[in-house]
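The values are calculated or read from the model by the stated rules, or taken from the named source; none is laboratory data. These figures come from a predicted structure and were not determined experimentally. FYI the Cβ positions are ideal-geometry reconstructions off the backbone, even for glycines, and counts take in every protein chain you see.
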Amino acid sequence: MPDVYTDYMTRDDNEVQSNIGYLLHPAIVASLPPKPRIADMGTGTARFLLLLREQYPDAILDGYDISPRLFPQENTLPPNVSLGILDMKQPAPKELHGKYDVVHVRSLVAAMLPTDWAIVVRNLSELLKPGGFLQWEECDFAGAKYLRGLVGSTVDAVRFMGKHFRNTLGERFEHGWCTLPREMRDAGLNPVLTDVAASDRVAETRKTLTTSVTEVFFSSARLMAERGAPGAMTNDQLDEMAKRAREDAESGGYVRYELYVACGQKPKE
């Protein structure tokens with residue numbers, strides 16, 4: 001099946017970290033059975049599941065992605081972690097319906113058209129057991145701010161690349177982070193809980209997060225350069241900008257964006 005994520009991004013193992021302070025929302029944690037079954041959609045390297053296993057060693061953890069490119073070798077996975085192929089934009093196989101206590105999703109804006117969100121929410125809701133939760137995290141990159149953290153620090157190159165990234169994805173950034181609660185309610189999930197955190201809420205992580213998200217900006221820009229897209233920067237321009245962006249991060253300049261979490265519960269029977 002086609003990997004729509006690569007329309008605007010290259011797949012690599014540099015994942016933007018969320019910094020929301022938890023893996024699962026506290027309300028979800030309070031509802032979990034002793035041996036929960038949890039699915040991670042768009043799992044990539046399965047990093048989320050491997051972190052989750054440290055907290056829930058008895059859980060059954062299944063990861064799904066449209067592409068296996070980033071999957072770890074199967075023989076390196078713990079026995080309670082398994083990975084498979086699934087396209088969230090298509091109805092899930094019947095054997096997965098009602099199977100999970102939690103379905104988790106994060107940071108898929110690059111793979112989503114404005115019309116996709118409601119469809120995917122409905123498809124993923126089908127996977128939940130009665131009383132199970134769908135948790136979805138997305139960042140508001142369109143509202144990102146580029147700040148100087150120290151006297152004399154710079155952030156011009158990171159700001160330029162962030163705006164270039166925003167312009168590349170255009171209207172995609174206007175959906176998801178702000179529309180998921182409504183789409184969850186429309187899919188019949190109730191209650192729907194929301195949370196928001198700032199990426200810079202822990203000062204010690206600002207540099208790491210800025211470096212991580214800047215790599216996302218460059219990943220998209222280099223793909224556009226490779227394809228000769230209109231308005232794309234050249235590789236020489238990108239190399240120079242990458243050098244300047246590293247200097248920005250080293251100087252104390254950083255990106256601040258908001259992280260939105262929506263959690264919807266499937267009604268109990």
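What to note about this one:
- Within segment 45-55, the set of residues being in a loop (DSSP other than H, G, I, E, B) and closer than 15 Å to Val103 by Cα comprises just one member, Ala46.
- Of all residues in segment 177-195, none satisfies being among the small types (Gly, Ala, Ser) and out of contact with any Gly (no Cβ under 9 Å at 6 or more places or on another chain).
- There is at least one residue in segment 95-102 that is among the acidic types (Asp, Glu), in contact with a Lys or Arg (Cβ under 7 Å, 6 or more places away or on another chain) and crowded, with 20+ Cβ neighbours inside 10 Å.
- Taken over segment 177-216, the residue count meeting the criterion of being charged (D, E, K, R), surrounded by fewer than 21 Cβ atoms within 10 Å (Cβ to Cβ) and not in a loop (DSSP other than H, G, I, E, B) is 7.
- Restricted to segment 155-177, and to residues there that are of a type in the set (A, V, I, L, M) and more than 8 Å from Gly253 (Cβ to Cβ), the residue that is modelled with the lowest pLDDT is Leu169.
- Criterion: in a strand (DSSP E or B) and at pLDDT 90 or above - qualifying residue of Gly131, Gly152: Gly131
- Looking only at residues in segment 1-53 that are of a type in the set (D, E, K, R) and at pLDDT 95 or above, the one that is surrounded by the fewest Cβ atoms within 10 Å (Cβ to Cβ) is Lys35.
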